[in-house]
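K.L.:
The following block contains the structure, expressed as structure tokens.
The values are calculated or read from the model by the stated rules, or taken from the named source; none is laboratory data. Remember, predicted model here, so these are calculated numbers, not experimental data. With ideal geometry, Cβ positions are generated from the backbone for all residues, glycine too; neighbour counts draw on all protein chains shown.
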Amino acid sequence: MLKVLAFGLVFYYVIWPLVRFLFKGFIITQVHRKMSEQDIRSKQAASQARREGSIDVDYVPPTGKKSGKKPKADDGDYVPYEEVKD
């Protein structure tokens, strides 16, 4: 019975603080690693962000002139309008 009690005290006062210390170091290392990865992603996203007011065109459809086709009369929408005078 005395051996079990001694083992329990040794575990509680020696081994358990050592395990907590090592586990804490592991957790801190992982947190710092994830924070640095997130920082890198954030900087990449900021560098790829567009300036306000700038326009970037990713796709320009081919026009009728380049493809050799003449534009048809029904290409696009025509909206009739009337001028309103006050």
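K.L.:
Before we move on, is GLN48 free of Cβ contacts under 8 Å to residues at least 40 places away in the same chain, on the phi < 0 side of the Ramachandran plot and loosely packed, with under 10 Cβ neighbours inside 10 Å?
P.N.:
yes
Matching residues to (1) surrounded by 10 or more Cβ atoms within 10 Å (Cβ to Cβ); (2) in contact with a Leu (Cβ under 9 Å, 6 or more places away or on another chain); (3) among the small types (Gly, Ala, Ser); (4) at pLDDT 90 or above:
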| residue | (1), (2), (3), (4) |
| --- | --- |
| LEU5 | no, no, no, yes |
| GLN30 | yes, no, no, yes |
| ILE55 | no, no, no, no |
| TYR59 | no, no, no, no |
| LYS65 | no, no, no, no |
| PRO71 | yes, no, no, no |
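K.L.:
Does GLU37 count as of a type in the set (Asp, Glu), under 22 Å from the mean Cα position of the chain (by Cα) and at pLDDT below 85?
P.N.:
Judged against the criteria, GLU37 is not a match.
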